[in-house]
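The values are calculated or read from the model by the stated rules, or taken from the named source; none is laboratory data. The structure presented is a predicted model; accordingly, all values stated were derived computationally and were not measured. Virtual Cβ from ideal backbone geometry, glycine too; neighbours counted across all protein chains shown. Heads up: the accessible areas ignore ligands, DNA and RNA and are worked out on the full protein's heavy atoms, side chains in. Shrake-Rupley method; radii C 1.70, N 1.55, O 1.52, S 1.80 Å.
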Amino acid sequence: MSLWDDVREAIDKGDANAVASFVANADEDARKTVAKELPGHLKSLRLNGAGHQILPLRVAGAACIPGAAGVASWLTRRDLRVFWLQRTTLLTHVLLVTRLLARRPEGWQADAGRRIAARLRVTDQLRWSRDEANWRIAAVLTRSAGAPTPRAEGFVIGWLQSTEPGELAADPFLDDLLPSLFEITAAGRALEGRDDWARALCGLAEAGRVDRAVLLDGCVRRFLLGGELRDLRWYADLYQALATTGEEAAARVRDHLRLLPAAPGRVAELAFAEVRRTPGLDDADLADAAGALLFRPEKKLVRAALGWLDRSARTRPDAALSALLPAFGLEALDLRERAAAIAAKHAARAGEAVQEALREATAPVPATAPAPVAPSWTPPAAVQPIASLAELEAELMVSLHDYEQEAAVLERTLSGLVEFAFHERAETIETLRRIVSGTQRWWLDYTWPGIAARSLLFPGTAEARAAYFSRSSVPPNVFLYRRYTEIVGLVGKVPVLLATPTRASGHIDPDVLAARRKRYEQAGVEPGPADLEQALLRLPRDAAGIVPDPAVVCTPYKGAIRARITPAGDAGGPLFTTQPMWLRIDFAGPVDGWAALLPSHREVIAAHLLPWLPHWFDEANGQGGVLLALAEADGPVGPALNSALAHGLNTREARERSGAVDALLTLRARDQLDGGDLGTALAALAGTGELKVNRIASGLGDAARSGAPAEVFAAAAGLLPVLWPAPGERVATGLPDLIAVAAETAETTGARAGIPGLADVAGRGGASRLVREAARLNGLLNGERR
Amino acid sequence: MATTASPAQGYSYPRPSGLSGGLLGLSTSGGTTLAGPKAHPHFFSGLLTEAAPAAAALLGLADVARTRYFQPRPTGFRDPVVTCNGDRLRLESFSACGGVYARLDVLQQALDGEVHERGTTNVDVNGPLREALARVGGADPLHLAVGAEELVVTTGDGAVVEKKVPLPDRWLRGFAEVQVITAGFDPRAELSAPEAVRFLRGLPGRSRGPLWAVPAGQMMRLGARPVPGAVCLAGPERLRTMLPLLRFAKALRAYGPPVEARSGPMSSVWELELPGMRYVLALSPENNRGFSGEGAVLDALAGDDVAADADLLGALLAFEPRVEPDLLAERAGLDAARTRAALTWLGTSGRVGFDAAEAAFFHRELPYDPARVAALNPRLRSARELTDAVRFTAPDAAVVLSNGQERQVRFVDGKEYCTCPWWMDYRGERGPCKHVLAARMVRDAEKETAR
């Protein structure tokens, strides 16, 4: 047997030690033949990153491939890297490989070490189960050859991950790699949460093992290079732990000044602390620093800057008060007032020019009412039926790929299928055959167009699928699926579907409906009961025979409809139940088609949404879209829709929340929004303890600025009285913002309504933002104008 | 993804870029100038009067270049491209994911010095330079030298800098195509500085699905649905590099294509006006969509003579800050439609960029292997290969045999349909598929011969 046969057998058995002993005693030529066979064998094994042959393959390659470059690329091949190894297996493997390589000349080892280090990938070293073996091999080779420490990024990250911080003092790479710690971008990610490293480095600095200045300068340089907070936090922690002396802070103050405007908050705080403790800043630096800090989005930093300017004004009033000027443009009232107080306190000692500038900045600006924005609304567009068989084919093909089609699209496709199946039966069947010529089992089983297609392609198999597919106990879905099931049975038998909407809202033009019924008469067929029922429920409110509105009562959690809603002149099947009992035992499914079920009675649909919305306040389930559809539908707006809107404004997901704002604006444009009623619904939601004031404030603020200020004021006025905190109680996040929205809208609309409890909060005194905003609102409502 | 598999780009700088002693020296690599190719062109020497915003914007540009906004992970860094158009300097970069394009236009008002040459090349950006840029502040001007050998002050040992970064085809194509995609955009909204601050700081960190920025009076509101006049904002976190620039901002402008109530996600352009300069970001329609997959340009490129027209036009360009299509058409003797198509071709070949603020193309030559930049769009190439496999079964219906599968192409009322999976996934929103393109080419050729 040749050496290669032995080695291959050992590889296939997964015996790395055997491989090592075979090749260790072989001569150079025999090893070369093994090296030639390896790539082919590796390929034939198709390892896909796992397999017991990997370790022996690595050993064989390391021992037999002649060149350093060849060994390096062999060991770092994608399919030969090892990520999941037990500690002892890992160390044994590293030992085995490095022992075999130890026979090579020093220069060769140094070269191989450098090449492996250069080929280590940062991402591999950052992974939780990482490529430690190759790092260790590179490290051993480098050290035993006495070569310079590799600085490749992957090697540095590997060093970070593989080194015990407690043993750093004796680490051979420490001095060479320490600077890289502060230069490599990925190091921040690798060190995230590694307090042990920070502690160890502090200890080394204290013991004089590493230079403090290297650490401090490294941190500052790192801050300047920028990045996200998670990449910088470790350095901020280290900097803090090193506790700089006054001189150390002063030596770096120019850099700290530059960090103030744009560094992440935590870093800016740290830099500000250093700037603050440094004496002898000149006036330009003071103004620069204050300008940067006052512009920051973090209130905490702005407040700290104001405090700093207050203190500085004692010794250098002119410079500090000039630096204070940008604060008068701040949005938050309490900060603006604080700035005014500082100015008032020190103005007397300031020079004439500064006093003049302050007077100008604090002078009441004549309220320039922003140009009124009128929300606009265009009536829902007409729905164009599918015009040709080619278009139907395209739509069906789309349904093949899009499993979660919008209800409106789905209904249009089904309607087209019904029409063409009746009028061009043979061609339609041919089209369907072409579509299902591939393997479209899924489509035929799990989509409504597919199940409907069964009626033509495989008669007799559709009903069972439809019955299975339409199981639901959620009333709107029961209603929807009952009609879909019926449609499946109607394919090829009726000329047209009665209930296909003619408007995007779901409405049907009464004339079109009459014409469709005429086609049934001509064809001599009876319409499906569910289809007819749905058609009648989709008549516009001004049509003859429109169903009266049922009474709806609701709480923030459920709506109840105090009457059964059935289309006139029809025996009527089970429509909407009055008790929403299905919650938690069923799944709402997509709700995007609900509004179009009863486009003239939106309260009913809103009431059926209510049980779900409270559970969706952190989720995006399309509730924003359905709220908007309800705003575009018809029928009175009552407690159910107002409650649903309140829930919509309370959603975390920005996209859903803006759907609710769009709905408010649409209602406003149609003159159907009653801010007072919305306020009542919001207050009721607040009573359940699940209202997030900041979300409401942002949504209402958007609506106010986009053209509904009067309604927003009324809503805020209805909500605020239940939100006032007792003295000393924690202020809900966003409450001052909500008061500011109320003030803003009071100002634009000139509202004078009283808000219960407002005067009390406004009179509490103190400089908290809550009290200041309340006082401003109170003043506005009592006729004071800014 | 194996980085070794994609072609690499080599940069060679005589020395690293650096900033010291109040001089910002940007080192140039091989590029094109008015006088032809040059190893290290020298574009500008003089004063940068608005140093702080320029430094901050350069850092933003570098951040875009090193970020992968979709599935973030550490990534290679491609040096920005600088173009000297005579009266202004433009610096461009393109994100690693291929979905965000950034450009800094330093206008005449912020430059006081001498233009030595017009042209395009890469400039070196390195760690020490980033650090030094972060140290720029206050009101003092900086001396700026782009490519001036004798002036560049070196940090470190001043050795020659050789870099090699992977340069995948789709990245390169996206960089070129974004110009043509945004060329049809109109201004949709302009926000004052305070409103810009409020808008950009109020953006959600992430959003599922695209948001639509709706102009409302002097502000913009984020909506969940497309309405006429709105601008699509997909992946609002991709505007993040504007945040550090806000303190210099004078206005924010948004540009986009026309939007209707049923529009799908779209690209958008956001322009932050800074003193003497503009910082521009173009965003792809979705986080996971790069610009290269958008087939918006294919309609103009399908014709046969476009390439020849483009050659003709290309020879007339002279690194103008604004390319005037009428003037160009007259000089080349082409009609307006052919000029437009030829400009699109030049755009996808990386030879013109588009400036939304000026609503005009500008001349620049992407400093990458011209053969690769000019390589035909792969979809167009596939379509040309498919033309033999097109069989018209009716005037408005064709069967295209592709990879053993029959695809049905229909032309209905000016709309096109295809039965391939790609078309079904995007429904024409990313341009025509190769089958539609092939069928269209065959049909147009037949019309031509019939005439």
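Before moving on, here are some points about what is shown:
- Residue A:236 meets the conditions (1) in a helix (DSSP H, G or I); (2) surrounded by 15 or more Cβ atoms within 10 Å (Cβ to Cβ); (3) within 14 Å of chain B (Cβ to nearest Cβ) in every case but one. The failed one is (3).
- Of the residues in segment B:436-445, at least one is touching a Cys at 6+ places or on another chain (Cβ under 7 Å) and either under 22 Å from residue A:389 (Cβ atoms) or open to solvent by 80 Å² or more (accessible area, probe 1.4 Å) (or both).
- Cβ-Cβ distances below 8 Å connect the following pairs, each with a first residue in segment A:497-511 that is among the acidic types (Asp, Glu), a second residue that is open to solvent by 20 Å² or more (accessible area, probe 1.4 Å), and a separation of six or more residues or different chains: A:509/A:502; A:509/A:503; A:509/A:540.
- Hits in segment B:403-440 (condition: away from every other protein chain (no Cβ under 13 Å) and modelled with pLDDT under 85): B:403, B:430, B:431, B:432
- Test: residue in segment A:336-357 that is assigned to a helix (DSSP H, G or I), surrounded by 15 or more Cβ atoms within 10 Å (Cβ to Cβ) and within 14 Å of another protein chain (Cβ to nearest Cβ): yes
- Single unsatisfied condition, residue B:393 versus (1) open to solvent by 50 Å² or more (accessible area, probe 1.4 Å); (2) polar (S, T, N, Q); (3) in a helix (DSSP H, G or I): (3)
- Looking across segment A:1-11, just one residue is under 15 Å from residue A:61 (Cβ atoms) and open to solvent by 40 Å² or more (accessible area, probe 1.4 Å), and that is A:8.
- Any hit, segment B:189-205, residues being touching a strand residue (DSSP E or B) at 6+ places or on another chain (Cβ under 7 Å), closer than 30 Å to residue B:340 by Cα, touching a residue at least 24 places away in the same chain (Cβ under 8 Å) and open to solvent by 30 Å² or more (accessible area, probe 1.4 Å): yes
- In segment B:44-83, residue nearest to the other protein chains (Cβ to nearest Cβ) [restricted to those that are of a type in the set (Phe, Trp, Tyr) and out of contact with any His (no Cβ under 7 Å at 6 or more places or on another chain)]: B:77
- If the condition is being farther than 24 Å from residue A:153 by Cα and open to solvent by 10 Å² or more (accessible area, probe 1.4 Å), then segment B:49-90 contributes B:49, B:50, B:52, B:56, B:58, B:86, B:87, B:88.
- On inspection, residue A:229 qualifies as within 13 Å of chain B (Cβ to nearest Cβ) and closer than 25 Å to residue A:193 by Cβ.
- Residue among A:325, A:330, A:321 that is under 20 Å from residue B:193 (Cα atoms) and away from every other protein chain (no Cβ under 14 Å): A:325
- Selection status of residue A:283, surrounded by fewer than 21 Cβ atoms within 10 Å (Cβ to Cβ), within 13 Å of chain B (Cβ to nearest Cβ) and either at pLDDT below 95 or in contact with a Leu (Cβ under 7 Å, 6 or more places away or on another chain) (or both): yes
- When every residue of segment A:43-57 is checked against the conditions, at least one turns out to be β-branched (Val, Ile, Thr), under 19 Å from residue A:9 (Cβ atoms) and surrounded by 13 or more Cβ atoms within 10 Å (Cβ to Cβ).
- Conditions (1) open to solvent by less than 50 Å² (accessible area, probe 1.4 Å); (2) without any contact (Cβ under 8 Å) to a residue 40 or more places away in the chain: number failed by residue A:130: (2)
- Among the residues of segment B:191-205, not a single one is closer than 23 Å to residue B:90 by Cβ and basic (Lys, Arg).
- Among the residues of segment A:15-42, those identified as open to solvent by less than 30 Å² (accessible area, probe 1.4 Å) and not aliphatic (A, V, I, L, M) are A:31, A:41.
- On inspection, residue B:340 fails the criterion of being outside any helix (DSSP H, G or I), of a type in the set (Lys, Arg) and at pLDDT 80 or above.
- Only a single criterion out of (1) at pLDDT 90 or above; (2) over 25 Å from residue A:252 (Cβ atoms); (3) surrounded by fewer than 21 Cβ atoms within 10 Å (Cβ to Cβ) is not satisfied by residue A:177, namely (2).
- Any hit, segment B:100-115, residues being within 14 Å of another protein chain (Cβ to nearest Cβ) and out of contact with any helix residue (DSSP H, G or I) (no Cβ under 7 Å at 6 or more places or on another chain): no
- When each of B:162, B:177 is tested for being more than 26 Å from residue B:276 (Cα to Cα), surrounded by fewer than 20 Cβ atoms within 10 Å (Cβ to Cβ), among the charged types (D, E, K, R) and away from chain A (no Cβ under 14 Å), the lone residue that passes is B:162.
- Where strands (runs of 3 or more DSSP E) fall wholly inside segment B:153-248, the ranges with 2 or more residues that are modelled with pLDDT of 90 or more are B:186-192, B:211-216, B:231-233.
- Within segment B:236-262, considering residues that are under 16 Å from residue B:226 (Cα atoms) and touching an Asp or Glu at 6+ places or on another chain (Cβ under 9 Å), the one farthest from the other protein chains (Cβ to nearest Cβ): B:255
- Among the residues making up segment B:105-123, those that are surrounded by 23 or more Cβ atoms within 10 Å (Cβ to Cβ) and closer than 29 Å to residue A:227 by Cβ are B:105, B:106, B:121, B:122, B:123.
- Yes/no for residue A:258 being within 14 Å of chain B (Cβ to nearest Cβ), touching a residue at least 24 places away in the same chain (Cβ under 8 Å), surrounded by fewer than 22 Cβ atoms within 10 Å (Cβ to Cβ) and within 25 Å of residue B:200 (Cβ to Cβ): no
- Residue A:617 meets the conditions (1) in contact with a Ser or Thr (Cβ under 8 Å, 6 or more places away or on another chain); (2) within 14 Å of chain B (Cβ to nearest Cβ); (3) open to solvent by 30 Å² or more (accessible area, probe 1.4 Å) in every case but one. The failed one is (2).
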